[in-house]
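Read through the structure below, which is laid out as structure tokens, and then see the notes.
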Amino acid sequence: MKRILLLITATSISVALNAQNQLVIPSVLNGPNYNLTLQEGTNEFYPGITTNTMGANGDLLGPTLMMTKGDNISITVDNQLMEPTTIHWHGMHVAPQNDGGPHSVIAAGTTWNPQFEVMDKAGMNWYHPHLHMMTDMHVSKGIAGLIIVRDTEEAGLNLPLTYGVDEFPIILQTKGFDANGQIEVHTEMDTSVLVNGTPHTFTDLPAQVVRLRVLNGASQRAFELGFSDNRTFSLIGTDGGLLTAPVSLTRYRMAPGQRADILVDLSTSQGQAFQLMNFGSELPNAIYGALQPGMGPGATIPNYTSNPLNGSDFAFLDINVVAPTPSPITTIPASLATFTIIPEASANITRTLTFTSAGAMGNLVGPFLINGAEFDMATINYTVPLNNTEIWTLTNQTPIAHPFHIHDVQFFILDINGVPPPPALSGYNDVVLVPAGMGEVRFIAKFENFANDTIPYMYHCHMLTHEDMGMMGQFIVSDPFSGLEEQSASSFQLYPNPTNGELFIATMAGETNFETYEIFDYQGKQMQAGELSGSTTKLSFEASNGMYWIKLANKEKKVALKRFTIK
Ligand code: C2O
Ligand code: CU
Ligand code: CU
């Protein structure tokens, strides 16, 4: 098939705009009951070429699910594909059985009906299939959609909130097509640039503050987002919600899976035409999308250099600025959300995840390993105690950057190669690009609310080729004492906490009359046990730094539980 590529160089940026296709705005589904039917279909990405596709409630992509924090919702996913799949709510804090990971298979011809409370802050998440080894197939064929969550904090900020009028969903993808015009999977020849499923798109935007809700939904490619005239924009939110204040930028790097919430002030731009661009020439090497995807001698991906998008600047969307809407938003708020970054000192444990190549050093194709292993459906890689606050250190010993994603939580980045994150990366994230060649990222997260001893959550590289080939692991969040801790708050005193090993237990005579104690490590293994002596018992407990539980019991087997930390 003929490939029409609009390549724009820095010197020819004012070329006439020549996109032919109007930007498609995905339709909206409102709650509390959502119905998604996964189906096979066809689409003419290019005139006269019929391409086989997959979509939700249509031939390609899916509707935008509008949700409000606090809503109790029900989603019925009807799998009318000829094959099994799953649907994952990327970015949402839901119980493992509702998360739609590779263990929650929806067989062909069956339905899946997760029901949950929306606990997320205002932000943009997305849904996509997650069947092991088939994720790229199902996403590239077309199944993906947006989830926009609103909350009262956002409602009080005078932000553009009218979908399709001053707030625009922008799903950025690249795809590869074979000689018959069919979608290629696990390809390095992703030469077609699509916005909301359409190549060569244009749109009118009103001359006021407009909000772009951008998703990098590409299978592998990172983008260096900006505008053709280098105008500034305000980044107001990242993966998991709004930042504390807008960050003024001319470029924003987006790895696969990441979202950006962007305000552009077009108040004085009526009549102007410009483009939303990828400045691929500015991507540093060792990122998929740059001129060189890897670092070091011999670092190559087959066919990579023949893909004209690599290291190139190209347009996503031609924009014409037209008259403003009635009562437009014309200002950008000075401050946004209120939240506290989890302090590093509150972490109970640090876990280290090391990325390596299974092939020779210099291998950019993979498979890539995490801690020396490929993903195994039957292996739980980590057990995280419920309510644990953890630091994860990601070390990348491969020559290519990997966008690391974790389910269940939004995290705060502590540092990237030892440097604290810039303001744009200081909010809630669920994907982080880990630099190549001994690059290191540390993040902190708290694993709250949901525990399940059998169904795990995933963490993985969001380059879908890497994920499918096994650059993934899984963890369960475990609550060995299911809920006891909350009831025990005032039943006894434990101090000092944190401790260096000396602990005092103070009990009150009367109702409880605790007589024995047991200490457990974070996996529920008993470390020490004994009898209490009177109302104050002094214990010495020798163990390595970390989090432990202490459990008291009386003759009637009534128990109380607290956690403490050794530092
Ligand atoms: Cu967007 Cu585990 O996925
Ligand atoms: Cu996810
Ligand atoms: Cu990767």
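Annotations
- Between the alpha-carbon centres of segment 402-431 and segment 289-345 there is a gap of 16 Å.
- For the chain, DSSP calls about 75 percent of its internal beta bridges antiparallel.
- With the simple model of a label 7 Å out from the Cα in the direction of the Cβ, Ile25 to Ser327 spans 1.7 nm.
- In the chain, helical runs assigned H by DSSP with n ≥ 4 each contribute -39500 (n - 2.57); averaged across all residues and rounded to the nearest 500, the mean residue ellipticity at 222 nm is -500 deg cm²/dmol.
- Residue exposure sequence - Thr516, Thr507 - by fewest surrounding Cβ within 10 Å: Thr516, Thr507
- Cross-link partners of Lys141 among lysines, defined as those whose alpha carbon lies under 18 angstrom from its own and excluding same-chain residues fewer than eight positions apart: Lys175.
- Point-to-point label distance, Glu282-Thr111, nm (Cα→Cβ direction, 7 Å offset): 4.8 nm
- Reach of Lys567 by Cα under 25 Å, taken over lysines that are not fewer than 8 positions away in the same chain: Lys446, Lys525, Lys538, Lys551
- Spatially proximal aspartates and glutamates relative to Lys69 (Cα-Cα < 20 Å; intrachain offsets below 8 disregarded): Asp99, Glu117, Asp120, Asp151, Glu153, Glu154, Glu167, Asp239, Asp261, Asp408, Asp430, Glu448
- Order of Met137, Met66 - criterion: other Cβ atoms within 10 Å of each residue's Cβ, fewest first: Met66, Met137
- Using C-alpha pairs under 8 Å with a sequence gap of at least 6, the mean separation divided by the residue count of segment 344-478 gives a relative contact order of 32 percent.
- Ordering of 175-183, 284-292 by burial proxy (mean other Cβ atoms within 10 Å per residue, highest first): 284-292, 175-183
- Average Cα contact separation per residue, segment 191-316, under 8 Å, 6 or more apart, as relative contact order %: 28 percent
- Taken as Cα centroids, segment 510-567 and segment 185-204 sit 59 Å apart, rounded to the nearest whole angstrom.
- By the count of neighbouring beta-carbon atoms within 10 Å, fewest first, Tyr495, Tyr34 end up ordered Tyr495, Tyr34.
- Normalised by the number of residues in the chain, the average gap of Cα pairs under 8 Å and 6 or more apart makes the relative contact order 12 percent.
- Nitroxide proxy distance, nm - points 7 Å out along Cα→Cβ at Asn554 and Leu161: 5.1 nm
- Estimated at 0.36 nm per residue, the fully extended path between Gln270 and Thr37 surpasses their Cα-Cα distance by 79.8 nm.
- Translational diffusion of the chain, µm² s⁻¹ [Kirkwood Rh, Cα pairs; Stokes-Einstein; 37 °C; 0.692 mPa s]: 131 µm²/s
- Cα shape, segment 344-478, gyration tensor, a/c 1.5 rule: oblate
Coordinate-derived values only; no laboratory data. Everything quoted here is computed from the prediction, not taken from an experiment. All Cβ positions, even for glycine, are placed from backbone atoms using ideal geometry, and neighbour counts span all protein chains on display.
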